[in-house]
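Single-structure report; data block below.
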Amino acid sequence: MLLIECPYCGERSELEFVYGGQAHIARPKNPADFSAQEWTDYLYQRDNIKGVHAERWRHTHGCGRFFNALRDTTTDHFITTYKVGESPPAALNTAKVGP
Ligand SMILES: [Zn+2]
């Protein structure tokens, strides 16, 4: 069984968590100035990283809070977790698959 460290509750079973997508996607500051293509990119385009990826997770069957995690997509190993609003640790690798 995979264990995930919730930064608020501690280590719990993966069954208590839900993946929430890529972390650190900032909402545009001036949304009225965005073109249709820029909105499409903001809403639907995400990195497809082979290696360490910053992800958002939610402890749905625990505290219910969102948090961020660095996970290696090649091994499914969680390197670290951290609270929303904190910067990602320096271990973040931005190697990507595809263009
Ligand atoms: Zn929790």
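Observations
- Number of residues in the stretch 22-42 that are within 23 Å of the chain's Cα centre (by Cα) and of a type in the set (G, A, S): the value is 2.
- When the stretch 1-41 is filtered for residues that are within 16 Å of the ligand (Cβ to nearest atom) and among the basic types (K, R), only R12 remains.
- Any hit, the stretch 3-19, residues being over 30 Å from T75 (Cβ atoms) and not acidic (D, E): no
- Qualifying residues in the stretch 48-84 (those that are away from the ligand (no atom under 16 Å from the Cβ) and at positive phi) - the one surrounded by the most Cβ atoms within 10 Å (Cβ to Cβ): G51
- Pairs are defined by a Cβ separation below 8 Å, a sequence spacing of at least 6 or placement on different chains, a first member in the stretch 52-74 that is farther than 15 Å from P88 by Cβ, and a second member that is among the small types (G, A, S) and within 9 Å of the ligand (Cβ to nearest atom); the pairs so defined are R58/G64.
- Pairs, first more than 12 Å from R65 (Cα to Cα) in the stretch 1-27, second of a type in the set (S, T, N, Q) and exposed (fewer than 15 other Cβ atoms within 10 Å of the Cβ), C-beta under 7 Å, six or more apart: M1/S13; L3/S13
- Some residue of the stretch 86-93 being within 16 Å of the ligand (Cβ to nearest atom) and at pLDDT 95 or above: no
- Considering the stretch 11-58, the residues that are of a type in the set (G, A, S) and part of a strand (DSSP E or B) include one that is nearest to Y82 (Cα to Cα), namely A54.
The values are calculated or read from the model by the stated rules, or taken from the named source; none is laboratory data. Values in this document were obtained by computation on a predicted structure and should not be read as measured data. When we count neighbours, we look across all protein chains shown, and the Cβ atoms used for this are built from the backbone with ideal geometry, even at glycine.
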